[in-house]
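Engineer: Have a look at this one before I ask anything.
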């Protein structure tokens, strides 16, 4: 399915979530469409429902859509690697005996619960 894009023409009441005249990606949502809304990936990076009258459709060349999709993949891989690194650090600290439970002071307070 080809992604669609819109430009924000009204951010009243959502100035932290929507930037005026910025292009946003729209996710398909038939229920939202029936209620005159659209599911937009906003400034938080998450998708939320907004009224359709806040946006105007934008024709985006296919190459732009591909670049945006590739960027989302890269960001997802970065987040996954950070999680793996955090888990590895906690496991290493636990194995070395330097791990401390969440909330206590220590050299490796990773916040994970590890059953002994």
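The values are calculated or read from the model by the stated rules, or taken from the named source; none is laboratory data. Values in this document were obtained by computation on a predicted structure and should not be read as measured data. Note that each Cβ is placed from the backbone with ideal geometry, even for glycine, and that neighbours are counted across all protein chains shown.
Engineer: Could you figure out which of (1) modelled with pLDDT of 85 or more; (2) in contact with a helix residue (DSSP H, G or I) (Cβ under 7 Å, 6 or more places away or on another chain) isn't true of residue 110?
Structural biologist: (1)
Engineer: Here's another thing I want to ask about it. Of all the residues that make up the range 17-31, how many are under 16 Å from the mean Cα position of the chain (by Cα) and assigned to a loop (DSSP other than H, G, I, E, B)?
Structural biologist: Total satisfying the criteria: 2.
Engineer: Hey, can you tell me all the residues within the range 32-47 that are over 11 Å from the mean Cα position of the chain (by Cα) and either more than 13 Å from residue 19 (Cα to Cα) or outside any strand (DSSP E or B) (or both)? Spell out the reasoning first.
Structural biologist: Let us first name the residues in the range 32-47 that are over 11 Å from the mean Cα position of the chain (by Cα), namely 32-40.
Of everything in the range 32-47, those that are over 11 Å from the mean Cα position of the chain (by Cα) and either more than 13 Å from residue 19 (Cα to Cα) or outside any strand (DSSP E or B) (or both) turn out to be 32, 33, 34, 35, 36, 37, 38, 39.
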